[in-house]
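Please read through the structure below; I'll follow up with questions.
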Amino acid sequence: MKVREFQTEDIPQLVHLMDQLGYPTSLEKLESRFSNIQSQPNYHTLVAELNNKVVGMVGLCHNLFYEYDSSYVRIVAFIVDADHRRKGIGEK
């Protein structure tokens with residue numbers, strides 16, 4: 001299993017994961033959504049890949065603190081395919 005940067009070619013596999021996350025969508029809508037997300041420099045998407053199949057995804061957003069001179073990363077989306085849970089993929 002490897003964790004890598006999201007690629008546009010991953011979107012068809014992510015439709016199924018979004019459905020498992022509780023947000024059913026179409027390929028066209030997800031392509032549009034990811035186009036918007038990718039245009040934002042503070043957003044980053046990583047995928048977990050196993051045997052050339054995307055089995056997980058995490059969406060990250062880099063933000064600034066109001067209270068400190070520092071920044072943080074917030075997890076805004078996180079899913080591991082139901083068939084691959086409890087195998088350490090999310091932990092990695």
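Please treat every number below as a calculation from the coordinates, not as lab data. Just so it is clear, the model here is predicted, and its values are computed rather than measured. Reconstructed Cβ throughout: ideal geometry from the backbone, glycine too, with neighbour counts over all protein chains shown.
Ignoring everything except DSSP H segments at least 4 long, calculate the 222 nm mean residue ellipticity for the chain; use -39,500 (n - 2.57) per segment, divide by total residues, nearest 500.
-7500 deg cm²/dmol
Putting +1 on Lys and Arg Cβ atoms and -1 on Asp and Glu Cβ atoms, find which of His62, Ser35, Pro24 reaches farthest to the positive end of the dipole of the chain.
Ranked along the dipole, the leading option is Pro24.
Rounded to the nearest 20 debye, what is the charge dipole size of the chain about its Cα centre when +1 sits on each Lys and Arg Cβ and -1 on each Asp and Glu Cβ?
The dipole magnitude comes to about 280 debye.
Next question, about the same structure. Which angle between 0 and 90 degrees, to the nearest 10, do you get for helix 11-21 versus the longest principal axis of the chain when only C-alpha atoms count?
80 degrees
Still on this structure: Relative to the Cα centre, what is the charge dipole magnitude of segment 31-84, using +1 at the beta carbon of each Lys and Arg, -1 at the beta carbon of each Asp and Glu, and rounding to the nearest 20 debye? Don't jump to the answer; show the numbers that get you there.
Numbers: 3 positive and 6 negative charges, 19 e Å.
Magnitude of the dipole: close to 100 debye.
If R0 is 22 Å, what FRET efficiency do you get for Tyr66 and Ile37 from their C-beta distance, rounded to 0.05? Intermediate values should be presented prior to the final figure.
Values: r = 24 Å, r/R0 = 1.08.
FRET efficiency, Tyr66 to Ile37: 0.40.
Please report the net charge: other residues with Cβ closer than 12 Å to the Cβ of Ile89, K and R +1, D and E -1. The partial results should precede the final answer.
On the way: positive: Lys2, Lys53, Arg85, Arg86, Lys87, Lys92; negative: Glu49, Asp81, Asp83, Glu91.
It works out to a net charge of +2.
Right, here's the next one. In nm, give the distance between the simple-model label positions of Val73 and Glu91, each being 7 Å from the Cα along the Cα-to-Cβ direction.
Reported label-point gap for Val73 and Glu91 is 1.9 nm.
Longer than 24 Å from Cα to Cα, which of Lys29/Lys87; Lys29/Lys92; Lys53/Lys92 are they? Say none if no pair is.
Lys29/Lys87; Lys29/Lys92
Next question. Quick check: the angle from helix 27-38's long axis to the longest principal axis of the chain, C-alpha only, nearest 10 degrees?
For 27-38 against the chain, the angle is about 30 degrees.
Let me have the relative contact order for the chain, percent, based on Cα pairs under 8 Å that are six or more residues apart.
So the answer I get is 27 percent.
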